[in-house]
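K.L.:
For reference, the structure I am asking about is given below.
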Amino acid sequence: MLIAPTIRRRLMLRIGALMAMILVSGSALASAKCPAHPKSDWMKESDARAKIEAQGYNIKKFKVDGNCYEIYGTTKEGKKAEIYFDTKTLDIVKAEIEK
């Protein structure tokens, strides 16, 4: 069965658009929604890191994700953790901890 080039092109564009929507929706589900604070109100990354470690977390990766500080590491019990913190207060906004 042959498909006309214009139909094939439209089909490929639709498949591409669908794939893009799937990728975008997947990354949106992964992140947390932290309150937006002016950057001048954010806790310094070095201070945030020190306070998070003082709570017993072992940080393997620390990064900014939108308006959140995000860590990948382990809890004091040694469980894998991905945690999003408010950049001003360091309140936990979202946590995924291994069971």
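Values in this text are rule-based calculations from the coordinates and carry no lab data. On a predicted model such as this, the values are computed, not experimentally measured, just so you know. Here Cβ is always computed from backbone atoms with ideal geometry, including for glycine, and neighbour counts include all displayed protein chains.
K.L.:
Where does the charge balance sit around residue 81 when Lys and Arg score +1, Asp and Glu -1, over other residues with C-beta under 12 Å from its C-beta?
P.N.:
+2
K.L.:
Rounding to the nearest 10 and keeping the result within 0 to 90°, find how far the Cα-based axis of helix 5-30 lies from the longest principal axis of the chain.
P.N.:
Roughly 10 degrees between the two axes.
K.L.:
Sticking with this one: Quick one: of 44/76; 51/99; 51/76; 39/76; 39/80, which pairs are farther than 20 Å apart, Cα to Cα?
P.N.:
44/76; 51/99; 39/76; 39/80
K.L.:
Can I ask one more? What's the angle, to the nearest 10 degrees (0 to 90), between helix 45-54's Cα axis and the longest principal axis of the chain?
P.N.:
Tilt of helix 45-54: around 70 degrees.
K.L.:
Counting other beta carbons within 10 Å of each residue's own, what order do 31, 46, 40 fall into, fewest first?
P.N.:
By the 10 Å Cβ count, ascending: 40, 46, 31.
K.L.:
Right, next: Looking at the calculated P(r) for the chain, what percent of the C-alpha pair distances fall above 15 Å?
P.N.:
Of the Cα pairs, 67 percent sit more than 15 Å apart.
K.L.:
Could you identify which residue out of 78, 66, 16 has the top mean-square fluctuation in a GNM of the chain using Cα springs shorter than 10 Å?
P.N.:
16
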